[in-house]
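First the structure, in the form of structure tokens, and then the observations on it.
Please treat every number below as a calculation from the coordinates, not as lab data. Remember, it's a predicted structure, so these values are computed and weren't measured experimentally. Every residue, glycine among them, receives a Cβ derived from its backbone with ideal geometry; neighbour counts consider all protein chains shown.
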Amino acid sequence: MKTPAWLPPTANPLTPYLTVADAQKALEFYRRAFGFTPGDTPMRDDKGRIVHAELTYEGRSIAMCAPEGAWGGTDRTPKHTGVRLPLNFYVYCADVDRVAANAKAAGATIERPPEDMFWGDRTTMIADPDGYLWMFATHKHDFDPAKAPNA
């Protein structure tokens with residue numbers, strides 16, 4: 001599919017912007033835990049601290065982030081506000097079991113270990129150090145309505 005002119009070539013139309021406690025530590029965590037890589041050169045303030053960065057996965061932008069207080073903002077991480085966000089990020093990956101193991105080794109909390117789901121994906125739920133929830137999935141087979149639980 002051709003990227004429209006109004007969308008940068010590696011971007012997605014919907015890109016979450018995360019507030020993190022420490023951008024450098026967050027970038028390192030996301031690299032080690034999830035296999036994300038920083039996008040273009042992060043923006044830095046006059047003291048050399050990262051004030052904006054992009055995370056890419058499989059060559060596509062997946063999120064942007066900035067540390068608490070960047071650009072004069074007052075946003076805080078879910079962990080620092082003590083609030084569990086009522087959303088999570090659903091990310092397809094080649095090997096959900098490997099991602100869960102890497103995330104645990106990098107200091108994440110595995111909220112739900114990898115398991116096969118009735119809709120055809122093998123998934124895991126992971127909480128990162130800033131309190132964001134990530135559900136990683138490896139597609140195993142197409143959805144079979146006969147396997148859906150009764151509502």
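Worth a mention:
- Antiparallel DSSP beta bridges within the stretch 86-151, percent to nearest 5: 75
- Looking at the chain, the DSSP beta bridges with both ends there are about 70 percent antiparallel.
- Viscosity 0.890 mPa s, temperature 25 °C, Stokes-Einstein D of the chain from Kirkwood C-alpha radius, µm²/s: 147
- Ordering Thr138, Leu55, Cys93 by the projection of their Cα atoms onto the charge dipole of the chain, which places +1 on the Cβ of Lys and Arg and -1 on the Cβ of Asp and Glu, puts Leu55 at the extreme positive end.
- At most 15 other Cβ within 10 Å, DSSP loop - trypsin sites (Lys or Arg not before Pro), the stretch 27-63: Lys47, Arg49
- Over the chain, DSSP H runs of length four or greater, each weighted -39,500 (n - 2.57), average out per residue to a 222 nm ellipticity of -5000 deg cm²/dmol.
- Between the stretch 78-150 and the stretch 7-74, the alpha-carbon centres lie 21 Å apart.
- A Förster radius of 30 Å, combined with the Cβ-Cβ distance separating Arg60 from Val83, puts the computed FRET efficiency at roughly 0.55.
- Once the C-beta distance of Asp97 and Tyr17 is scaled by a Förster radius of 30 Å, the resulting FRET efficiency is 0.55 to the nearest 0.05.
- Residues whose amide H comes within less than 5 Å of that of Ser61, counting only those at least five positions distant or on another chain, are Ala11, Asn12 (H built at 1.01 Å from N in the peptide plane).
- For the chain, the relative contact order comes to 19 percent (Cα pairs under 8 Å, sequence separation of at least 6).
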